[in-house]
Structure formats: C-alpha cells, structure tokens
Amino acid sequence: MEIIDGRPPSEIPPLFGFIKGARIRVVGVIKGDVNEQTVLVPKDSPIRSIADLKGKRVGYVRATTTQYYLTRMLAEVGLSFADIEAINLSVPDGAAAFRTGQLDAWAIYGYSVPLAQTSVGARVLKRANGYLSGNYLFFASPEAIADPQRHAAIADFFARLQKAFAWRQANPERYATALAAEIGVPVEAVLALLRNESQVRRLVPVDDAAIRSQQDVADTFHKAGVIERPVDVRPLWDGSFAAALSG
C-alpha cells in the first residue's frame, strides 16, 4: 500500500481492487484535506466554469479522486466525460502537459497544485470541497487482521500515527521543513497546503458514514459507466480496530 505524507489512498483505489478480487479490507480512515484537489486552468484561460470545459482537453488521473470529482462536477452542469477530451496522465506527465500548454484544464491534487500556481500561474477553476469526503483508507489483508500478532502491530501503528498527526498539527513549520526536504518540494508549497486544509487531519475508526461515502463513489462510477455492475462495498470494510482507534 502506498502511503504519501502519512496518508493512504482515497476511497477509489481499494474500490477498484475490490472489484478485481483483491484480498483487502478497510481497517481505518483518515479524515483529510480536499481543498488540495482542484481543477486548474492556465492563468490567461478564457475558461470560467466547469460548463466551459465542453470540448476541451482535460487531464486527470484514472481511478483516483480526480476521475470521481471531475465526473460529479461535469454531471452537475449536464456534461459527462464524453463531452470533453479526457486525457489520462500520470502526475508528472500531467504537470509537463499543463506547463507546455497541451491541456486546457487539469484535474489534480497535492503539491502539484501550489507548484503549478507558483511556476506557471495556474488558476483554480474549482475545488473539490463538497464533492469529496476527505476519507483516505488504510487497508490490510484478511490474514493480517486475523493473526493476533499482526493485528496488534497494525493497532500499534495506528497509535503512533495518531501521535504523529497531533505533532503535525502543533508544529506546522517544523513539519513542513522536514517533509519538503524529504520529498523535494519547496517548504512554501507544503505550507500552502497546510494553511488551506479543509479539515484537521485525524485518524478515526470505520463507521457507517464512511461506508456510505464509498458506496456513493461506487454508485456514481456505475452510473457514469466507469464500472460495469453495481457494487456493494460493505464486505470490503472491517471494524475490528475500532477500540484501538477510539483510544
């Protein structure tokens, strides 16, 4: 499982893994920022609304939050992916395409947002706040959950991560300095995201609201034709770490 900046993937990668038969169970939820998830346009672009994306070249990252919030934003104005020239790009390729004028808009997340703003003057067309839950999911194999020693190790990891998030909240400048050096981005890019967070990052147990949120994602993707059949996500979730995460 990929973890970036102490945060695991969104609701979407485990959904696609589940559909393909991956042996995983969601065991914990990080409540995190969604303001960092945006649709960007070039600084001099005439595009002023999501409706203006019709017929335009729009970069996104398939099977991520960008595909989900872009789907919802387009549907809200009566459009779909069929109405735009949707281009699936990795984050580095998307950055290069946006920087060189090959994209009319770019649905993207994370440090790419402040970096695009500072390097080429990108303008935020629309943020994903209100479209995304901000849920980022930790998942484990059923075998690890069932094994007492490995179950205890996961619980211990969660306890350490909760302490780390508390330190992050209390020491934003020190955190930004350390993280910037580790991942090779300017300190100011990290601080820009921290200052604009939609909610304080915290680690919480699995609950019904989180399950419903991922179900909404699955239903949205099914309606949009991204996944072929309806999916009940409830078997993907495991609440056995509730005590550890509630402490």
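Size of the dipole of the range 1-84 about the Cα centre, Lys and Arg at +1 and Asp and Glu at -1 on the beta carbon, nothing else charged, in debye to 20?
260
A simple rule links phi to the HN-Hα coupling: the Karplus curve 6.51 cos²θ - 1.76 cosθ + 1.60 with θ = phi - 60°, which for the range 73-82 gives 4, 5, 4, 4, 10, x, 10, 9, 4, 5 Hz, with x for Gly and Pro. Note on Asp216/Ala178: beta-carbon distance plugged into 1/(1 + (r/R0)^6) with R0 of 35 Å gives a FRET efficiency of 0.45. Straightening the chain between Glu188 and Ala159 buys 7.5 nm, computed as 0.36 nm per residue apart minus the Cα-Cα spacing.
If only the Cβ of Lys and Arg carry +1 and only the Cβ of Asp and Glu carry -1, the dipole of the chain around its Cα centre is close to 240 debye. FRET efficiency for the Arg99 to Arg202 pair, using the beta carbon distance and R₀ = 35 Å, is estimated at 0.50. In the chain, the DSSP-assigned H stretches of four residues or longer account for a calculated mean residue ellipticity at 222 nm of -13000 deg cm²/dmol, using -39500 (n - 2.57) per stretch and the full residue count as denominator. Taking every DSSP beta bridge that has both residues in the range 1-146, what percent is antiparallel when rounded to the nearest 5? If we restrict to bridges inside the range 1-146, about 70 percent are antiparallel. Protein heavy-atom surface of the chain, 1.4 angstrom probe: 52% of the accessible area is carbon and sulfur, with nucleic acids and ligands not counted. One decimal place: the segment Asn129-Asn171 gains 12.6 nm when fully extended, by the rule 0.36 nm per residue minus the C-alpha distance. What FRET efficiency, computed as 1/(1 + (r/R0)^6) with R0 = 51 Å and r the Cβ-Cβ distance, is obtained for Arg195 and Arg229, rounded to the nearest 0.05? Between Arg195 and Arg229 the formula returns 0.75. Normalised per residue, the accessible area of the chain is 48 Å², obtained with a 1.4 Å probe and no contribution from ligands, DNA or RNA.
The values are calculated or read from the model by the stated rules, or taken from the named source; none is laboratory data. These figures come from a predicted structure and were not determined experimentally. Heads up, the Cβs are rebuilt from the backbone with ideal geometry, glycines too, and the neighbour counts pull from every protein chain shown. Accessible surface areas use protein heavy atoms only, side chains included; no ligands, DNA or RNA. Shrake-Rupley method; radii C 1.70, N 1.55, O 1.52, S 1.80 Å.
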